[in-house]
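The values are calculated or read from the model by the stated rules, or taken from the named source; none is laboratory data. Remember, it's a predicted structure, so these values are computed and weren't measured experimentally. We place every Cβ from the backbone using ideal geometry, glycine too, and count neighbours over all the protein chains shown.
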Amino acid sequence: MPPVAAMQVSIAGYDGKRLQLHAPLSHHINDKGCAFGGSLASMMTLASWGVVSLGIEQADLRAEVFVADSQIRYLAPLFADLDVHAELAPDADWRSFLTTLRERGRARTALIARALLPEGGVATEFTARYVAIAKP
């Protein structure tokens, strides 16, 4: 997507469960000298979408993935590069998600993403539900 290219987002890691993204602060800086909230929200939305999309691909399924709803909490300003990670929410059942997707052609799951402070801690926390719709 062109906006993602402009954001200079790169994949910092993926272990099969957690996706980590990185972007330079210089492309996301606001008038206060810290990361723009919209950039943080975009990166966490993208990272969470990536977790679901990659998991579906690993299960050898084909589906379109959409964010259904989300909530974001800005806990501290981030004056450094944007490092975001996303993973399934603690109460999400991935096996059930895949079974439902196979059987009904549609499934949803919960995710959590965080933007981390360089000294430790969380700058921003994002929770969301994503929906997958099987491709014919």
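Some points to look at:
- Out of VAL51, VAL84, sole residue that is of a type in the set (A, V, I, L, M), within 19 Å of TYR130 (Cα to Cα) and in a helix (DSSP H, G or I): VAL51
- Evaluation of VAL65 against (1) at pLDDT below 95; (2) β-branched (Val, Ile, Thr); (3) assigned to a strand (DSSP E or B) (one fails), failing number: (1)
- Any hit, region 57-64, residues being farther than 20 Å from ARG129 by Cα and either surrounded by 19 or more Cβ atoms within 10 Å (Cβ to Cβ) or free of Cβ contacts under 8 Å to residues at least 40 places away in the same chain (or both): yes
- Taken together, ALA115, ALA128, ALA92 contain a single residue that is assigned to a loop (DSSP other than H, G, I, E, B) and either in contact with a Leu (Cβ under 7 Å, 6 or more places away or on another chain) or in contact (Cβ under 8 Å) with a residue 12 or more places away in the chain (or both), which is ALA92.
- Of the residues making up region 15-27, those that are within 21 Å of ALA123 (Cβ to Cβ) and either among the acidic types (Asp, Glu) or surrounded by 11 or more Cβ atoms within 10 Å (Cβ to Cβ) (or both) are ARG18, LEU19, GLN20, LEU21, HIS22, ALA23, PRO24, LEU25, HIS27.
- On the stretch given as region 1-43, residues that are in a helix (DSSP H, G or I) and in contact with a Ser or Thr (Cβ under 7 Å, 6 or more places away or on another chain) total 2.
- Selection of region 75-112 for residues being under 22 Å from CYS34 (Cα atoms) and either β-branched (Val, Ile, Thr) or more than 17 Å from the chain's Cα centre (by Cα) (or both) yields LEU75, ALA76, PRO77, LEU78, PHE79, ALA80, VAL84.
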